[in-house]
Structure formats: C-alpha cells, structure tokens
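Encoded as structure tokens, the structure appears first; notes follow it.
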Amino acid sequence: MRRSLTGSAVLLAAWAFTAPGTAAAALAAPAPAPAAPAAPADDDTIVLDEAESETPAKPAGEAKAGGEAGASTDLFGDANKGKAAASGETGKVSATSEADQLKQDKAFITVVQRQRFLKKKRFELQPQIGITVNDPFVRHFTVGAELNYWITNRMAVGITGTAFFGNKTSRYTNIRFQESVLLTANKTLWQASVNFLYNPFYGKIAVFNRALMHWESYVQVGGGAIQTQVIPRYEAIHEPFRHLTGQGNFAIGARFYGPRVDWISVNFGVRTWIYQDKLEPTERGPGPNQLDSLDSADAAKDAAVKKLAFNVVFFLGLSFYFPTSFQYTTRR
C-alpha cells in the first residue's frame, strides 16, 4: 500500500509540470492532505542525478565565491571591480598601485617624452679640438674653448677662442719641386669671437632598443677678430708678416646627451670663418722682375694683395654645464 502511494504522487507531479493546460486546474484544486513521513528510498523512488540535469552543480569553492556581495566577474574577467563597487571604494586609487604604475611607465620607452636635458640659465664650458678641411696646401690643427650662457633652453650667447697650429702639407712641397711653382699661402694663428646660438631641432635615437640617446642640432653665428701669417716663398731670405683683421663665422653642429648624466654633452660640428686676408706680393723675391724694396716685412705688408679667405674647421667638443643639475618646471 505504501509502495503504490509513493509512485502515484511522483506521477502526479510530473503530469502537472508537463501539461500547462492542466497545471492551472491543478493549482485551483484543493490542497491534498499532508503526506506521510518520507519512507526510505526503494526501487520505485525517483532520484535526479546531477549528471542528468541541465544545470551542473557548482563546486563548493565557486559557490562560496559567488555568494559574496558584488564579487561577480565582469565581461573582461575582472573579479575585483564588483567587489570594489560593493564596498563603496569607487573612485579611490591606492598609493601602492599608483607607485607601481609609475614604475612600469619608466620601464618602457614611450614615444612622447619630455626633453631629457634642460640648459636654461646654465653656463656651458666646451673645450674643442679640430682640423681644417678646405686647404690642401696648409693643414691646421685647432685647440680652443667656448663659453656660453643659455638664455632659454634653445638660445644662448657666448664667446669662442681658438688657437691654430698650421704647417705646409706634402702636396705643397711636391708642387714646388715637381712643377717648379712657388705657392703663395698663409697660415692662421688664432681667432676670437662673440657668438649667438640657436637649437631648431630636437630628437631621440634608440640604442639597441635598450635606451634612448637624446640629441639636438644647432646653428651658430658670430664675429670677432682673426690673425694670419704669411708663409714666405723664399723663407731663407724673407721674414713673414702678420695680418690682424675682422672675421665673421658660421657653424652648424649637434649635441648628444647620455641617459644618466645631467651635466655633460658630446658635440661635433663644422665652423667656417670668413675674412679678408693679405697675401705676399708676387714681386717679392730675387730675380730680374722682383723689387728689392719688398724684402722688408713692413714694406711687403703694405704692398700685399687683399683676398677673401675661407677657413673651414671640423671640430669635436665636450661640454660641461654649471650648475650640474636642473629641475623641471612642468609636470610629466
């Protein structure tokens, strides 16, 4: 008797869920009498297996995590956003996360960066060495220094002084003996000028994709004084004379800044001096067409031939900036 009653109750429940038309009638019918206490499961009792159901049961760990308020996973898999919203911490950024973000930003090379090296209101002392490149008969080696004061990060004013050490090249001697031609040439002794400098370009170079080397190119114009000395064609019998005159100069160059040092840069460039020089007169020397009165250095200087001269020097320099540190005035 108990066995048949249990089977009938199960069949009645299944019919009520599968027949929508009859479900309302079943709900309107009077409630059945309370059932007897459940008996131990036997062969006719229906047990639903989790494997046969449409929705599998969640593990205990997942059920517990899903039960927490606001700990749901969003579309992008971030399980912490819901929890932060539920706890009322929306809009707050912890100091630890901000410091970590700054550290990560510094670890990567970004395209847009602030300028690596600032020079405004700093002094620059630049020792230089160079060599002339436009005279095949007289070769000069130069040693000098440049002192600049940077009005802004792009403009500077300064002074430059250079000593020249010139001598005749082998080509000068070969022409003299092979062609029997005496060349007229001068060598430069020194120059001093006042300059104005401007940086129109600034850029970066990636070094093996590990670090950035910042660079800038500049143009420089100036003027001052320059002194030259004649190389006599007959050095055994004639004394050289010197000529002091004004000059103008023009230079283009570039500066490179290292990744860690804030007070040193490596520079190179080309500078051209333009001036009016005096050459030894052609009538000076022994021979039927020469004038003995020009044997004197002063007389030869008065009768010298004036000619526009160009002196082009390729130079390398190492700049030191004072004060040795700087501070940014704008945020990153």
key: Unique residue being under 26 Å from residue 145 (Cβ atoms), assigned by TED's automatic domain parsing to the domain that holds residue 195 and in a loop (DSSP other than H, G, I, E, B) when the list is 260, 255   = 260
note = When (1) without any contact (Cβ under 8 Å) to a residue 40 or more places away in the chain; (2) assigned to a strand (DSSP E or B); (3) aliphatic (A, V, I, L, M) are applied to residue 181, the one that fails is (2)
message = If the requirement is being under 20 Å from residue 315 (Cα atoms), polar (S, T, N, Q) and surrounded by fewer than 15 Cβ atoms within 10 Å (Cβ to Cβ), which of these qualifies: 167, 174?
response = 167
query = Does region 268-275 contain at least one residue that is among the aliphatic types (A, V, I, L, M), under 24 Å from residue 318 (Cα atoms) and part of a strand (DSSP E or B)?
reply = yes
request  = Output the number of the condition that residue 180 fails; it satisfies all remaining conditions of (1) modelled with pLDDT of 95 or more; (2) small (Gly, Ala, Ser); (3) surrounded by fewer than 15 Cβ atoms within 10 Å (Cβ to Cβ).
outcome  = (1)
key: Pair list, Cβ under 9 Å, 6 or more apart: region 224-237 residue over 24 Å from residue 142 (Cβ atoms), other residue among the charged types (D, E, K, R) and assigned to a loop (DSSP other than H, G, I, E, B)   = 233/280; 233/284; 234/284
Residues located in region 203-247, provided they are buried (at least 16 other Cβ atoms within 10 Å of the Cβ), closer than 22 Å to residue 193 by Cβ and among the aliphatic types (A, V, I, L, M) = 226
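The values are calculated or read from the model by the stated rules, or taken from the named source; none is laboratory data. Note that the structure is predicted; figures quoted are calculated from it, not measured. Heads up, the Cβs are rebuilt from the backbone with ideal geometry, glycines too, and the neighbour counts pull from every protein chain shown.
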